[in-house]
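The values are calculated or read from the model by the stated rules, or taken from the named source; none is laboratory data. Just so it is clear, the structure is predicted and the values come from calculations on it, not from any experiment. Every residue, glycine among them, receives a Cβ derived from its backbone with ideal geometry; neighbour counts consider all protein chains shown.
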Amino acid sequence: MTAAKPRKVFVANRGEIALRIIEACDRLGIDTVLGVSAFDKNSLPARRAGQTVVLGPSHASESYLNVDAVVHAAVATGCTALHPGYGFLSERVSLAQACADNDLIFIGPQPEHLDILGDKLSARRVAQAAGVPVSPGGPTTSGEEALALAGQIGYPVLVKAAFGGGGRGMKLVHDAKDLVAAWELAASEAQAAFGDGTVFVERFVADAKHVEVQILGDRHGNHIHLAERECSVQYRYQKMLEEAPCTALEESARHTLHGYALSLARQINYVSLGTIEFLYDVQRNAWCFLEVNPRVQVEHPVTESVTGVDLVREQILVAFGEPLSLRQEDIRVDGHAIELRLTAQDAHRGLAPSPGTLTRWRPAPLGGIRLDTHLYENYRFPPHYDALMAKIIAWGPDRAAALQRLEQALERLEIEGPRTNLPLLQRLLKTPEVVKNNVTTRWLEDALPRLMEDPR
Amino acid sequence: MDIDLAELASLVALLKEADFTEFRYDKGETHIVVRRGAVEAEAVRPSSAAPAAHIAPTTPAPLAAQPIAPGDTQKSKPSASGIARNPVPGAKVITAPMLGTFYGAPKPGEPPFVHIGDAVGPDSVVCIVEVMKLMNSVSAEVSGTIVAIHAENGELVEFGQPLFSVQESSAS
């Protein structure tokens with residue numbers, strides 16, 4: 001590639017994150033090309049991008065997940081870099097590799113790092129080598145081995161495929177008598193789905209908080225962290241409320257956590273933006289490494305709100321080889337930020353998907369509220385993709401103030417058309433567990449029916 | 001590119017009287033294609049001396065920056081090449097089944113799969129769309145006569161972009 005070629009970024013995503021990336025590029029004076037599906041031809045990001053190309057039909061597997069079409073379009077439109085956003089191809093080693101093979105800068109980690117971090121076992125090994133605590137447990141290749149290991153760990157245990165992800169083939173076992181049957185089932189599922197029957201057995205932590213650390217590394221060996229976020233309000237592993245900082249942490253625990261994250265980043269000399277996820281056992285004051293998300297995350301705005309750092313801008317700049325302009329001592333956490341995910345899921349029907357035309361969309365113009373969204377009035381919310389409609393982010397000098405602003409924002413939000421999770425979000429903000437922040441990751445699954453009991 | 005304007009003018013004068021739908025003139029680096037008849041109105045705007053004179057390179061470009069056709073998602077300037085981008089009203093349109101690079105001929109230097117005026121059947125190959133070095137043949141899928149070609153050799157075509165207009169023969 002000639003050095004003189006101007007920077008031009010291909011955006012391989014859709015929805016609010018595509019808009020977010022286009023805006024970051026605009027502010028940097030970088031031209032953009034957006035690859036869309038046929039359905040998204042007239043979407044808000046399609047209208048905002050410098051140029052838009054239709055990758056394929058509406059179905060994501062033939063458009064947003066089509067590595068060949070994405071890379072071909074990026075090269076043919078003269079792009080010098082590619083931003084994968086989150087979801088879709090963002091963690092796909094084959095995309096990062098195809099970019100490298102075609103002189104495109106992949107705005108993310110190197111393919112080898114995606115490979116190492118994408119696999120539970122190798123990611124765990126990296127964490128262990130970095131001195132980061134991992135959950136008690138390990139890989140097993142027979143039922144007897146699993147029994148012996150579970151005996152050491154103590155029940156309940158989680159039994160899951162060692163390769164692959166997405167909670168597939170995951171079993172919770174409370175008693176030794178059920179272990180071998182669960183192990184055999186997990187092994188056969190793992191063999192069928194991933195071609196490897198290795199089964200992972202680990203301690204199941206029932207009451208844990210989900211706490212994650214934002215990290216950023218450049219190509220010159222510099223690594224910083226941008227403090228932590230808490231995302232314990234989840235429904236079936238889908239986050240619904242995220243905040244920064246995590247108020248459940250004592251200063252010493254926070255310091256320990258940030259140290260773990262930096263140590264892991266340095267262990268593999270991680271380049272790009274990333275998140276290191278942990279489970280925090282509040283009773284035992286114990287940390288355990290969960291996984292690394294080697295990409296921008298949905299909840300990045302809460303970190304931006306409390307640190308004032310534009311994470312997507314930094315991610316793009318380090319990808320182009322620039323050294324980090326921020327040092328660790330420049331990162332300060334100011335106040336508190338909370339994000340709510342508004343989704344097209346019917347709160348009154350167990351969060352069933354509910355696409356359709358938005359007949360009314362009038363967010364309230366309120367101070368201290370940030371809205372990341374691709375919605376507009378009369379937008380036809382599609383059934384083909386993720387249910388995320390908007391991220392409503394409130395900043396306040398403290399947690400109570402942020403919660404109060406969120407309440408106002410929801411109260412004054414005018415939305416008609418698809419059924420949403422708005423009624424649930426409103427109730428969440430008034431729930432004592434959320435107000436006091438003693439929620440753990442399984443809380444919402446149990447609490448949802450009770451929260452939605454009143455059909456109002 | 002040197003074009004003898006006097007030569008061109010006499011050519012046009014001759015063509016005025018002649019009965020044809022497509023005329024091709026190749027001389028060294030100069031390639032002139034003049035179409036008449038079913039070609040869309042905008043391509044035969046009388047403002048220029050040569051009606052729909054179209055000069056295009058015929059060798060496929062390597063995978064590199066390519067011009068892109070202005071589809072409805074495109075806000076940039078209209079095509080300068082004089083290619084009729086919009087389908088002929090009433091005709092069947094063959095669209096790109098995938099995003100890729102459009103090639104009108106099987107190999108560089110070979111004649112194109114189809115010309116305007118050619119009859120095609122459902123299985124007739126009309127072009128190639130290349131995606132990451134993989135060549136995908138595109139079939140007409142209808143029977144009829146090619147009345148317009150909407151893409152240029154070597155350009156990036158989007159999924160669903162019109163490539164050819166075909167006047168169906170079975171239309172009653």
Which of the residues that make up segment A:241-296 are part of a strand (DSSP E or B), crowded, with 17+ Cβ neighbours inside 10 Å and among the hydrophobic types (A, V, I, L, M, F, W, C)? A:L241, A:A244, A:L273, A:I276, A:F278, A:L279, A:W287, A:C288, A:F289, A:L290, A:V292
Out of everything in segment A:50-85 that is under 17 Å from A:R7 (Cα atoms) and in a loop (DSSP other than H, G, I, E, B), what residue ends up being farthest from the other protein chains (Cβ to nearest Cβ)? A:P84
Check on A:Q345, closer than 27 Å to A:S232 by Cα and touching a His at 6+ places or on another chain (Cβ under 8 Å): no
Considering only segment A:180-214, how many residues are touching a Phe, Trp or Tyr at 6+ places or on another chain (Cβ under 7 Å), farther than 17 Å from A:G138 by Cα and in a strand (DSSP E or B)? 4
Against the definition (among the aromatic types (F, W, Y), within 21 Å of A:Y379 (Cβ to Cβ) and either surrounded by 24 or more Cβ atoms within 10 Å (Cβ to Cβ) or not assigned by TED's automatic domain parsing to the domain that holds A:L358 (or both)), how does A:F10 come out, yes or no? no
Taking segment A:364-374 as the search range and keeping residues that are buried (at least 18 other Cβ atoms within 10 Å of the Cβ) and not in a strand (DSSP E or B), which one is modelled with the highest pLDDT? A:H374
Inside segment B:83-121, can you point out the residues that are more than 15 Å from the chain's Cα centre (by Cα), among the hydrophobic types (A, V, I, L, M, F, W, C) and part of a strand (DSSP E or B)? B:A119, B:V120
A careful count of residues in segment A:100-128 that are in a loop (DSSP other than H, G, I, E, B) and either away from chain B (no Cβ under 14 Å) or touching a helix residue (DSSP H, G or I) at 6+ places or on another chain (Cβ under 7 Å) (or both) gives 7
Taking segment A:379-402, which residues are more than 30 Å from A:A60 (Cβ to Cβ) and crowded, with 20+ Cβ neighbours inside 10 Å? A:A394, A:W395, A:A402
What number goes with the only condition from (1) assigned to a helix (DSSP H, G or I); (2) facing chain B (nearest Cβ under 7 Å) that A:L19 does not pass? (2)
For A:A227, are the conditions met, namely being more than 27 Å from A:L448 (Cα to Cα), in a strand (DSSP E or B) and of a type in the set (G, A, S)? yes
Report, by residue number, each residue of segment A:38-49 that is buried (at least 18 other Cβ atoms within 10 Å of the Cβ), out of contact with any Asp or Glu (no Cβ under 8 Å at 6 or more places or on another chain) and either acidic (D, E) or facing chain B (nearest Cβ under 8 Å) (or both). A:D40
Pick from A:K120, A:K160: which is crowded, with 19+ Cβ neighbours inside 10 Å, among the basic types (K, R) and either at pLDDT 95 or above or not assigned by TED's automatic domain parsing to the domain that holds A:A192 (or both)? A:K120
Count of residues meeting criterion [more than 14 Å from every other protein chain (Cβ to nearest Cβ) and either surrounded by fewer than 24 Cβ atoms within 10 Å (Cβ to Cβ) or of a type in the set (K, R) (or both)] in segment A:90-99: 4
Residue by residue through segment B:130-163, note down the ones that are among the hydrophobic types (A, V, I, L, M, F, W, C), in contact with a Ser or Thr (Cβ under 7 Å, 6 or more places away or on another chain) and outside any loop (DSSP other than H, G, I, E, B). B:V147, B:A148, B:L156, B:L163
Would you confirm, using the coordinates I've provided, whether B:L156 is closer than 27 Å to A:A76 by Cα, within 14 Å of chain A (Cβ to nearest Cβ) and free of Cβ contacts under 8 Å to residues at least 12 places away in the same chain? no
If you go through segment A:337-344 one residue at a time, do you hit one that is closer than 22 Å to A:L117 by Cα, in contact (Cβ under 8 Å) with a residue 60 or more places away in the chain and not in a strand (DSSP E or B)? no
